[in-house]
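Shown next, in structure tokens, is the structure this report addresses.
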């Protein structure tokens with residue numbers, strides 16, 4: 001799951017590919033992952049501040065004005081066997097949210113889907129409200 | 001052997017991605033996992049982005065993601081249980 005999400009994170013920076021992601025309803029799978037992780041996590045899991053991927057060099061601004069955040073595999077932190085499931089779950093949740101963020105910034109359709117705008121432009125926003133509550 | 005060839009850049013990018021797309025649809029989950037890891041190494045390459053746009057790769061990635069989420073042992077979904085509809089969780 002983690003590798004697949006990393007692939008999707010790279011791909012989701014391209015507008016044409018985001019359109020393909022929409023066509024294949026990738027957001028449904030991402031929301032599935034997020035809600036499954038939310039369900040699996042306990043309060044004490046959230047206090048574990050360990051990550052598989054870490055940001056390097058701070059946020060930069062690209063030539064087209066886009067914010068660029070460079071990530072690398074965290075090789076400076078040991079993760080125990082008991083911690084690995086929790087760390088992977090949090091990481092998968094984090095990646096799924098980043099991909100949705102990319103999709104929403106490149107596509108109005110993705111934004112509409114995430115915010116669940118119905119036909120008369122009323123926002124139900126269930127996904128967003130559940131995430132906010134969590 | 002194929003993955004080793006890919007690592008040594010013997011294959012052209014499009015041929016390589018076509019090969020990987022085949023592995024992404026392999027019946028064994030372990031092979032699909034390795035294929036997706038290999039694709040990640042090239043996923044910011046402009047040629048790969050073009051390949052994804054014109055091929056069925058996104059469909060294969062979606063199928064792969066669905067299987068991995070469904071049968072994952074990482075606590076996402078218990079073994080043998082289908083993923084629940086997210087609306088169940090939205091109501092809680």
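The values are calculated or read from the model by the stated rules, or taken from the named source; none is laboratory data. Source: prediction; values computed, not measured. Here Cβ is always computed from backbone atoms with ideal geometry, including for glycine, and neighbour counts include all displayed protein chains.
Just checking, which of A:88, A:98 is under 28 Å from residue B:54 (Cβ atoms) and in contact (Cβ under 8 Å) with a residue 24 or more places away in the chain? Steps first, please.
Working: A:88 fails: under 28 Å from residue B:54 (Cβ atoms).
The match here is A:98.
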### Task
Of the conditions (1) part of a helix (DSSP H, G or I); (2) out of contact with any strand residue (DSSP E or B) (no Cβ under 9 Å at 6 or more places or on another chain); (3) closer than 30 Å to residue B:41 by Cβ, residue A:91 clears all except one; give me its number.
(2)
### Task
Could you tell me which numbered condition residue A:76 fails, if it satisfies all but one of (1) touching a strand residue (DSSP E or B) at 6+ places or on another chain (Cβ under 9 Å); (2) within 14 Å of chain B (Cβ to nearest Cβ)?
(2)
### Query
Would you pick out the residues in region A:94-124 that are under 23 Å from residue A:40 (Cα atoms) and either modelled with pLDDT of 85 or more or in contact with a strand residue (DSSP E or B) (Cβ under 6 Å, 6 or more places away or on another chain) (or both)?
A:94, A:95, A:96, A:97, A:98, A:99, A:100, A:101
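Can you tell me which residue in region A:16-47 is farthest from residue B:65 (Cα to Cα), limited to those that are more than 8 Å from every other protein chain (Cβ to nearest Cβ) and surrounded by 20 or more Cβ atoms within 10 Å (Cβ to Cβ)?
As a first pass, look at region A:16-47 and keep what is more than 8 Å from every other protein chain (Cβ to nearest Cβ): A:18-19, A:22, A:27, A:30, A:34, A:41-47.
Remaining after also requiring surrounded by 20 or more Cβ atoms within 10 Å (Cβ to Cβ): A:18, A:27, A:30, A:34.
Details: A:18: 16, A:27: 11, A:30: 9, A:34: 13 Å.
Checking each candidate, the answer is A:18.
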### Task
Exactly one condition in (1) closer than 24 Å to residue B:29 by Cβ; (2) not in a helix (DSSP H, G or I) is not met by residue A:58; state its number.
(1)
### Message
So for region B:52-68 (the condition being in contact with a helix residue (DSSP H, G or I) (Cβ under 6 Å, 6 or more places away or on another chain) and more than 10 Å from chain A (Cβ to nearest Cβ)), does at least one residue qualify?
### Response
no
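Yes/no matrix, rows are residues, columns are (1) under 12 Å from the mean Cα position of the chain (by Cα); (2) buried (at least 20 other Cβ atoms within 10 Å of the Cβ); (3) over 26 Å from residue B:54 (Cβ atoms):
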position: A:6; (1), (2), (3): yes, yes, no
position: A:53; (1), (2), (3): no, no, yes
position: A:64; (1), (2), (3): no, no, no
position: A:77; (1), (2), (3): no, no, yes
### Lone unmet requirement of (1) within 14 Å of another protein chain (Cβ to nearest Cβ); (2) assigned to a loop (DSSP other than H, G, I, E, B); (3) more than 26 Å from residue B:23 (Cα to Cα) for residue A:13
(3)
### Task
Spot the failing condition for residue A:65; the list is (1) more than 21 Å from residue A:6 (Cα to Cα); (2) at pLDDT 80 or above; (3) not in a helix (DSSP H, G or I), and only one is missed.
(2)
